[in-house]
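Heads up: the structure comes next, in structure tokens.
Taken together, the values in this text are just the output of simple stated rules run on the coordinates, not laboratory data. Note that the coordinates shown come from a computational prediction; the quantities given were computed from them, not determined experimentally. Quick reminder, even Gly has a Cβ in these numbers, built from the backbone with ideal geometry, and neighbours come from all protein chains shown.
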Amino acid sequence: MTLTELVYRSAAPLPWSEGEKIPWDDPQFSERMLNEHLSQDHDAASRRFRIVDAHVDWIHRELLSGGSARVLDLGCGPGLYTSRLARLGHECVGIDFSPASISYAVRTAQGEELRCTYLHQDIRRVDYGGPYDLVMLIFGEFNTFRPAEAEHILRGACDALSDDGLLLLEPSTFEAIQGEGRGGPTWYSSPSGLFSDAPHICLEERLWDPDTCTATFRYFIIDAETGSVTRYASSSQAYTDERLYALLSRCGFEEIRSLPSLPGSEGPWQDGLCVLVARKKRDR
């Protein structure tokens, strides 16, 4: 992309038309992202370890009754949850399409001889296996998929669950997605960062589509030396509570209950997220 093309860019692209997601699967990008996952200075990519510890303790006690269970973590990242659950006696499977994160998770599991299996795959296009006692998809990842893909993932999760198995879903709230989409443009400069190892300027646009209730995020990375422009884009679907409940029911879940947050995760990075726990329908 050239600077001229940047100036004459489309004012309001259709959601997902300029990119499915930020390229977590790119090897170099995923290495930079892994550093963010493991950082203890913020909760932007993954939560800090003390928060993950609190979440895992609650999952172990409240959802898995303190026993041994089979757990599937969709979008597992570097295995921060799965490794901790395995240390408590659970057998875990994690799926993620970031190569650096999966490599880190595999090294951790092998080094500690944990009962963890990791798949470097796209959760939209892989067989989940099973049966599992718990399937989890957390930290707002659910909203990044097109509605048809999100429904496909939920149906796959339901099929992968054992009888009476549980789903732990942590989507972003409608208000959070809408607010982000209405955030307008911003920019920053950096000697290196998530989008590039070289000095660059990042121009960010946030756009809200009220017809589809979708926020689109554009990132234009301008190389400080060459002036070349690389564009990244992603979109997030906003769901009302009613729409989420109807979707879960349609995908085979019942006894849906809502929680304001995962225990121990109060703070600025928890704002805008909600928690849903649902059970696989008994008549499936």
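Relative contact order for the chain using alpha-carbon pairs under 8 Å, separation at least 6, rounded to a whole percent? List each step's numbers first, then the result.
Values: 567 pairs, mean separation 54.7, N = 284.
Relative contact order here is 19 percent.
With springs only between Cα atoms under 10 Å apart, run a GNM on the chain and tell me which of LEU137, LEU161, LEU88 wobbles the most. Of the options given, LEU88 has the highest mean-square fluctuation.
Projecting the Cα atoms of LEU3, TYR245, SER65 onto the charge dipole of the chain, computed from C-beta unit charges around the Cα centre, puts SER65 farthest toward the positive end.
Hey, with R₀ at 45 Å, roughly what FRET efficiency would GLU113 and SER189 work out to, going by the Cβ-Cβ distance, to 0.05? Please list the in-between numbers first.
On the way: r = 45 Å, r/R0 = 1.01.
For R0 = 45 Å, the calculated efficiency reads 0.50.
So, R0 is 25 Å and r is the distance between the beta-carbons of ARG124 and GLU31; what FRET efficiency does that work out to, to 0.05? Step by step, r from the Cβ atoms, then E = 0.60.
Computed over the chain with a Gaussian network model linking Cα atoms closer than 10 Å, the most mobile of THR214, THR226, THR108 is THR226.
When the chain is described by a simple charge dipole with +1 on each Lys and Arg Cβ and -1 on each Asp and Glu Cβ, the residue from VAL275, THR144, ILE102 located farthest towards its positive end is VAL275.
By DSSP, the beta bridges lying fully in the chain are antiparallel in about 65 percent of cases. For the pair ALA198 and ILE256, a Förster radius of 35 Å applied to the C-beta separation gives a FRET efficiency near 0.15, rounded to the nearest 0.05. The smallest convex shape that holds all Cα atoms of region 94-210, its convex hull, gives 142 Å³ per residue.
Magnitude of the charge dipole for the chain, about its Cα centre and with charges confined to Cβ atoms of Lys, Arg (+1) and Asp, Glu (-1), is about 440 debye. What angle do you read, to the nearest 10 degrees and between 0 and 90, between the alpha-carbon axis of helix 49-58 and the longest principal axis of the chain? Here the helix axis deviates by roughly 30 degrees.
Seen from all sides and averaged, what is the projected area of the convex hull of the Cα atoms in the chain, in nm²? If you can, show how the numbers build up before the last one.
Values: hull surface 58.5 nm².
For the chain, the mean projected area of the Cα convex hull comes to 14.6 nm².
Of all the Cα-Cα pairs you can form in region 130-284, what percent are over 18 Å apart? The answer is 64 percent, as a whole percent.
For the pair region 176-230 / region 47-112, the C-alpha centres are spaced 31 Å from each other.
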